[in-house]
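Beneath this line is the structure, given in structure tokens, with notes to follow.
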Amino acid sequence: MTATSTSVTILTVDDSRTMRDMLKIALAGAGYDVVQAEDGLHGLEVLETATPDAIITDINMPRMDGFGFIENVRKSERHRAIPILVLTTESDAEKKDRARKAGATGW
């Protein structure tokens, strides 16, 4: 996926303001439109009005973690095919497998 003259939108979901800021700077600098959410529940709220081309999500967040967020996105007919990448400090193989089973595209 490359940014082109047609705008490509990426939703970032992370409870860390620092991570959201870093992702926004990096992605916007590469030409992507960035929409942000502070946790999984907020991410689902954003998806009510936005249809991003890709999603980058953390795992450990308050209110709704990344696993719950991914599962809910995959239940939505409108968002089922959106690639979801997990960006986290976690490296546990069991968590990677759980994310994959929930519907994550990559880790």
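The values are calculated or read from the model by the stated rules, or taken from the named source; none is laboratory data. Note that the coordinates shown come from a computational prediction; the quantities given were computed from them, not determined experimentally. Because the Cβ atoms are built from the backbone with ideal geometry, glycine has one as well, and the counts that use them run over all protein chains shown. These area figures cover heavy atoms from the full protein model, side chains too; ligands, DNA and RNA do not enter into them. Shrake-Rupley method; radii C 1.70, N 1.55, O 1.52, S 1.80 Å.
Descriptive notes on the structure:
- Unique residue being in contact with a strand residue (DSSP E or B) (Cβ under 7 Å, 6 or more places away or on another chain), at pLDDT 95 or above and of a type outside the set (D, E) when the list is I82, I25: I82
- Candidate set from region 89-107 (those that are touching a residue at least 12 places away in the same chain (Cβ under 8 Å) and part of a helix (DSSP H, G or I)); member that is most open to solvent (accessible area, probe 1.4 Å): R98
- Residue match in region 38-48 (condition: open to solvent by less than 50 Å² (accessible area, probe 1.4 Å) and more than 16 Å from D14 (Cα to Cα)): no
- Taking strands (runs of 3 or more DSSP E) as the structural unit, those lying wholly within region 1-67 and holding at least 2 residues that are in contact with a helix residue (DSSP H, G or I) (Cβ under 6 Å, 6 or more places away or on another chain) correspond to 9-13, 33-37.
- Some residue of region 70-88 being over 21 Å from T9 (Cβ atoms) and in contact (Cβ under 8 Å) with a residue 24 or more places away in the chain: yes
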